[in-house]
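The values are calculated or read from the model by the stated rules, or taken from the named source; none is laboratory data. Small disclaimer: the values here were computed from a predicted structure and weren't measured. Counting neighbours? That spans all protein chains shown, and the Cβs are built from the backbone with ideal geometry, glycine included.
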Amino acid sequence: MVVDTFDRSTTVKSIAAGFAGAVVVLLISYLAIEVERVPSPIPGLKSWQDYVVIAIIVAAIPYTVLDALRSFWIRSIESNLPRLLADVEGMVEGGLSPVMALRHVAGKAYGVLGREIAGIVALLSWGYPYDTVKGIIDARIPHSGASLSLKLLLDAEEGGGDIRSAVRSLRGYVRETMALKKEMYSTTRIQIFVIYLALIVFLYISDVIVSTFLAGVVRAGTAPMGVVPINVDMTRRLFFHMYLAEVVLGGLAIGKLTTGSVGSGVKHVLVLAGIGLLYIMFFAGGM
């Protein structure tokens, strides 16, 4: 059962590993550039402080990998759950009990869900009480739709009654829930696009301001009346760090908007920070 990969301790370890890597990047860049005066190997990153973008990327990688594995696990569950319930419904209508139906479908190909069901069936065959198995389902299958479906099947086994109607209603509930989730995701795509576009536009405009306007003023040796002499490098760094702050907040906001979890926005932070790094390395004039 692969759910052990997604428990709280693994999540904490991935976050700790990311922060440790970020600290190492900043420490090495400070010692190399600021102390040893070694030229920066990355074009556009002139100061050790500019390596914050590398630190953000390094910090996001471990959790992004874990989140990608979790997303794959969830997608596998959601793609196979309706088919599983349809098979169980057919067998229940044929006269089998829910547990017997689960025993018959346990060997079929349902992705990670099939492996979880095989484990549950094994526990039931060993004589585990239903309440204990339900607790194990909650612990081993952190997906609300799948865990609820399996527990309701066990409740139907215990309670009896019109089991076929119960399974049919359960299948309809899962189908409607999946459709609602897909509809919600489709409505948030435009909002995700707006956040990405806004951050990229800010990066471009700030680069134009620094490379065209401020650099031109400095080359001309003049400045507007009452304005202190302009430090182009400091202004460039300020704009870039403003972009990185928006990357972190915007990426986490996308995660909260799309899935309700801030953690799922870490991958967007990684992508947006990567876009900023590539822009600076290959396209920026003043950044």
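For region 192-206, the tally of residues that are surrounded by 15 or more Cβ atoms within 10 Å (Cβ to Cβ) and either more than 11 Å from residue 276 (Cβ to Cβ) or not hydrophobic (A, V, I, L, M, F, W, C) (or both) stands at 4. Note on region 89-140: among residues that are in contact with an Asp or Glu (Cβ under 8 Å, 6 or more places away or on another chain) and of a type in the set (Gly, Ala, Ser), the one that is surrounded by the most Cβ atoms within 10 Å (Cβ to Cβ) is 101. Based on what the data block shows, is residue 8 at positive phi and of a type outside the set (Gly, Ala, Ser)? Spelling it out, it is not the case that residue 8 is at positive phi and of a type outside the set (Gly, Ala, Ser). Checked against the criterion of being touching a Ser or Thr at 6+ places or on another chain (Cβ under 9 Å) and under 30 Å from residue 276 (Cβ atoms), region 96-105 contains not a single residue that satisfies it.
For residue 236, the conditions (1) more than 27 Å from residue 10 (Cα to Cα); (2) at pLDDT 85 or above are fulfilled apart from (2).
Within region 29-57, residues that are touching a residue at least 40 places away in the same chain (Cβ under 8 Å) have Cβ atoms under 6 Å from residues that are crowded, with 16+ Cβ neighbours inside 10 Å and not in a helix (DSSP H, G or I) in these pairs: 44/284, counting only partners at least 6 apart in sequence or on another chain. Consider residue 183 carefully, then state whether it is of a type outside the set (Phe, Trp, Tyr), assigned to a helix (DSSP H, G or I), modelled with pLDDT under 85 and in contact with a Phe, Trp or Tyr (Cβ under 7 Å, 6 or more places away or on another chain). The answer is no for residue 183.
The combined condition, being under 20 Å from residue 97 (Cα atoms) and free of Cβ contacts under 8 Å to residues at least 60 places away in the same chain, is not fulfilled by residue 182. Considering only region 10-42, state which residues are in a loop (DSSP other than H, G, I, E, B) and among the acidic types (Asp, Glu). 36 - this is the single residue of region 10-42 that is in a loop (DSSP other than H, G, I, E, B) and among the acidic types (Asp, Glu).
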